[in-house]
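Heads up: the structure comes next, in structure tokens.
The values are calculated or read from the model by the stated rules, or taken from the named source; none is laboratory data. Just so you know, these numbers come straight off a predicted model, no measurement behind them. Every residue, glycine among them, receives a Cβ derived from its backbone with ideal geometry; neighbour counts consider all protein chains shown.
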Amino acid sequence: MRFYQTNEFGLFALIILFGAFFALATPGFASVFNVFSLTRIMSIDIMIGFSMMVVIVTGGLNLAVGAIGVSAAMACGWLIEAAGVPYPVAILLALAFGAFLGAINGILIVRSGLHSFIITLATMSIFFGLMIYLTHAQAFRVIVPEFAQFGKLRLFGTVSALLIVSCIFAIALYVLYRFTPLGRQMLAAGANAAASELSGIRVDRTYIICHALSGALAGAAALMVVARNGAAIPSMAGHLGQDWLLPAFLGPVLGGTLLMGGRVSLLGTFLGSALVTTLTNGLLQLRVGEFWIQAMLGAILLFAVLLDLARRSYLQRRGIY
């Protein structure tokens, strides 16, 4: 299939079209300051999309993406401010903590046999509640200057350096799924768990690894928010981390990652998240109310889910899925 016939090309074309429309409709959209802000927010939304994508690959969900991310960010803030840990070490430990919380989700799902929707819905409240209790809902603002300066760094005068971080993670995930046995096992387990088990793949272990990876990516997204804000704040992802749920679903689903698992689209998730950020930013520039923007994003998600069902039905008729 040629690139111009793919879903990714359609998303890229939509980004260009909406970007051109917003640039003509409002002078502030194409300003240097707004392009920097847009790419900074976009980079975080892309990471949030990746965090959900690696679980959707297995046919599961992770509603605790925001709660895990905030918990990891607050852990990083505590390590730097209260424990005096060097910030590179604190970042690595925070990512490991996010992976640990994700692994807890995976273990609970495997051991209980319950759907990931139920488990992660419960742990979303548990993780967030424990984080609030342990930190007393206090922000950590004594962040080392290098950390905060990176969040303000501009490339070519306009593009946020955080976007490069998202690109690096995208390349790492591409290598994982394209060239490693573990990545192929993740895709196989999502496509057909029973057949994968018969072929020697430890499906339960694969599910746990996917949730741990999701937790680490959620932690990375939250650390990017810390770099942007210059502080670790309990409310950075909204109450219970719910503000991350729409971006988490929209990027992968718009990008072509099948909700039933077995197929992943990294470029599609990247572009899907970028499209959502562009639409949100442009509509805010046009002074459209926040309520209407949320309603529109919800409608887009519903349309994308219905499109996913139609695509899966088409693949089944063709004998591809």
Open item on the list: For the range 254-264: of the residues being surrounded by fewer than 23 Cβ atoms within 10 Å (Cβ to Cβ) and at negative phi, which is modelled with the highest pLDDT?
Closed with: R263
Task: Residues being of a type in the set (V, I, T), outside any helix (DSSP H, G or I) and at pLDDT 90 or above - total across the range 26-80 - done: 1
- [ ] Specify the residue that is modelled with the lowest pLDDT; the eligible residues are those in the range 216-237 that are part of a helix (DSSP H, G or I) and farther than 18 Å from C167 by Cα.
- [x] N229
- [ ] Taking the options E8, E81, name whichever one is surrounded by 17 or more Cβ atoms within 10 Å (Cβ to Cβ), touching a Phe, Trp or Tyr at 6+ places or on another chain (Cβ under 6 Å) and of a type in the set (D, E).
- [x] E81
- [ ] Just name the residue that is surrounded by the fewest Cβ atoms within 10 Å (Cβ to Cβ) out of those in the range 89-114 that are over 20 Å from A73 (Cα atoms) and free of Cβ contacts under 8 Å to residues at least 40 places away in the same chain.
- [x] G113
Task: Selection status of A216, surrounded by 20 or more Cβ atoms within 10 Å (Cβ to Cβ) and over 30 Å from F33 (Cβ atoms) - done: yes
Task: Filter result for the condition that a residue is out of contact with any Pro (no Cβ under 9 Å at 6 or more places or on another chain), farther than 30 Å from L38 by Cα, surrounded by 14 or more Cβ atoms within 10 Å (Cβ to Cβ) and not charged (D, E, K, R), over A122, A161 - done: A122
Open item on the list: For the structure I just gave you, tell me whether I16 is free of Cβ contacts under 8 Å to residues at least 40 places away in the same chain, part of a helix (DSSP H, G or I) and of a type in the set (V, I, T).
Closed with: yes
